[in-house]
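Just below is one structure, and these are the notes that go with it.
Just so it is clear, none of the values below were taken in a lab; they were calculated from the coordinates. Note that the coordinates shown come from a computational prediction; the quantities given were computed from them, not determined experimentally. Neighbour counts are summed over all protein chains in view; Cβ atoms, including those assigned to glycine, are modelled from backbone coordinates with ideal geometry.
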Amino acid sequence: QCCCLFVCLVVGWATHKLLQFLRALPEPVLVYDTYYELLEARADVTALKELVDSQPAEHYALLQVLCDYLENLAAEGPGASAVDLAMVFAPLLLRAPAAHWADPDRDQHASPADDDSAEDVDLLKGVLVVTTLIEHYVDVF
């Protein structure tokens with residue numbers, strides 16, 4: 001019991017530190033230049049593999065390690081599914097470029113609720129991207 005609790009605490013602490021690190025990155029692991037293409041590809045494993053392969057070497061290496069870690073966590077059982085993990089990690093691995101929010105062509109008359117809806121849709125698409133990367137780790141990497 002004590003050993004299991006210790007392992008859970010260490011894994012929780014390590015995950016917390018990992019999340020802090022990802023939040024502090026100046027650019028997300030999946031670079032801004034591929035944001036829209038990744039959202040379009042979502043569950044298309046072949047398209048996602050091409051986009052992942054196009055990431056800068058350092059980003060690719062970090063993404064590979066992260067997805068391997070997340071795939072192993074999801075496979076360990078009832079703790080967290082790939083979707084659960086993607087909901088936590090997607091906003092940190094994949095973020096809209098700042099220009100997305102400052103785009104003068106965006107509808108200036110849209111209500112804040114419209115912005116929230118669009119942001120929610122993008123978030124859900126991002127969760128699907130990361131879920132696919134976790135569930136198809138072997139095929140993507």
Formal net charge of residues neighbouring residue 39 (Cβ-Cβ distance under 10 Å; K, R +1; D, E -1):
-1
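How much length would be gained if the chain were fully extended between residue 24 and residue 117, taking 0.36 nm per residue of separation minus their Cα-Cα distance, in nm to one decimal?
Extra length from residue 24 to residue 117 when fully extended: 30.9 nm.
What is the calculated FRET efficiency for residue 61 to residue 40, with r their C-beta to C-beta distance and R₀ = 30 Å, to the nearest 0.05?
0.80
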What number comes out for the charge environment of residue 22, summing +1 per Lys or Arg and -1 per Asp or Glu over other residues with Cβ under 15 Å away?
+1
